[in-house]
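K.L.:
Quick one: the structure is below, questions incoming.
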Amino acid sequence: MGERDCDADDPAGDTRQTVERRTAQPTKTCEPFGAASVHCPGQTPVIASSLRFAAARPNLPSRGACDVREFPVTFGVDPAYVRKQGVAGLRAPAPGIGLLIGLLAALWSASGYVKAFGRAMNILHDIREGRGFIKFNLQMYLLTALILILGAVALVIFVLSGPIAEAVGSAIGLGSVALMVWSIAKWFVLAFIVVFVLALLYYATPNVQQPKFRWISLGAFIAIVVIVIASAGFFFYVANFGNYNKTYGVLGGVIVLLLWTYIVNVILLFGAEIDSELERGRELQAGLPAEEDLQLPSRDTKASDKKERKSQEDIERARNLRKTAGQSQE
């Protein structure tokens, strides 16, 4: 077989044998690949992988293994660049504007839930939203960013367990005693994060001037307990009786997650309703007229006052239009 036997046609049935022979002896069967492998050792795995790809595709043209020289061009990779840089040069670009856009999109999406939760809390407290557009959105975005950071920390803590915790502990020089302490203490840290996030939602989202920041209230405690019980029951149902994968296919996991999120959110609002009714009872016992509306002060009334003035002006113009039989609104 000559030095340029690559240009010869190989039968389709002998493609795999031809590829294996040329992969094992590149300098004898294909001189350009042999020279490249001597001057650029990093190219040899790329060539071998391409040849195996060709062997696994019997419907490729009958020109055989030498067509792999066209693969880098077909896949958008310059062969000269591969020969010069090697496999190490084929690396993904550093994260930049794409990472920033992804983080901003996540912040915007999560802030939608926080805003909706705040509107529901205003209804439970019988109060109108009085914060201005800029002030309201700024507060909600800052609160969302803090909750996302706490969620990321909780996720890292949850992942650092078992073999991963042992690997990290051995890398930083922690002994078995420290790992045992961490395996117990991490649950307390996770519980603290959950309580803190729930306290932030109850305190910062409604337009209510709370007397003080409460780490945990009776409603929050009941909500946490009910969430644990409901989550255990829900996932037991999904694991044993649900057919979400058969019904929704690959979207089954997403449907389960959304349904679980809905259940958790309803329970959180149930806990907030308990706190609201307890506050109503305290105000009634103190002699305040809280039969219909709670008497808690608002954080801000600028926006609500502006809407009220606008509504009164519209009502007055409509009244004048009625009195003048449609002649004037003034």
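A short reminder: the numbers here are calculations on the coordinates, not readings from a lab. Being a predicted model, the structure only gives us computed values, none of them experimental. Counting neighbours? That spans all protein chains shown, and the Cβs are built from the backbone with ideal geometry, glycine included.
K.L.:
Taking the Cβ of each residue in 263, 164 as the centre, tally the other Cβ atoms inside 10 Å and list the residues starting with the fewest.
P.N.:
Result, fewest neighbours first: 164, 263.
K.L.:
Still on this structure: How much length, in nm to one decimal, is gained on full extension between residue 104 and residue 197, taken as 0.36 nm per residue of separation minus their Cα-Cα distance?
P.N.:
31.4 nm
K.L.:
Another question about this same structure. Please list, ordered by chain and number, the residues whose modelled amide H lies under 5 Å from the amide H of residue 208; skip anything fewer than 5 residues away on the same chain.
P.N.:
Under 5 Å from the amide H of residue 208: 299.
K.L.:
If each residue of separation counts as 0.36 nm, what is the full-extension length gain between residue 278 and residue 190 once their alpha-carbon separation is subtracted?
P.N.:
Extra length available between residue 278 and residue 190 comes to 28.9 nm.
K.L.:
Another question about this same structure. ³J(HN,Hα) across segment 229-240 via Karplus (A = 6.51, B = -1.76, C = 1.60, θ = phi - 60°), whole Hz, x for Gly/Pro?
P.N.:
Each residue's phi maps through the Karplus curve to give 5, 5, 5, 4, x, 5, 6, 5, 5, 5, 6, 10 Hz.
K.L.:
From the phi angles alone, apply the Karplus equation (6.51, -1.76, 1.60; θ = phi - 60°) to segment 308-321 and give each ³J(HN,Hα) in whole Hz, x where the residue is Gly or Pro.
P.N.:
For segment 308-321, the Karplus curve yields 5, 4, 4, 5, 5, 5, 5, 5, 5, 5, 5, 5, 5, 5 Hz.
K.L.:
May I pose another question? Work out, step by step, the length gained on full extension between residue 291 and residue 160: first 0.36 nm times the residue separation, then minus their alpha carbon distance; give nm to one decimal.
P.N.:
42.1 nm
K.L.:
Continuing with this model, one more query. Ordered by packing density, taken as the mean number of other Cβ atoms within 10 Å over each peptide's residues, highest first, how do 169-182, 215-228 rank?
P.N.:
215-228, 169-182
K.L.:
If R₀ is 41 angstrom, what is the calculated FRET efficiency for the pair residue 263 and residue 321, using the beta carbon separation as r and rounding to 0.05?
P.N.:
FRET efficiency, residue 263 to residue 321: 0.25.
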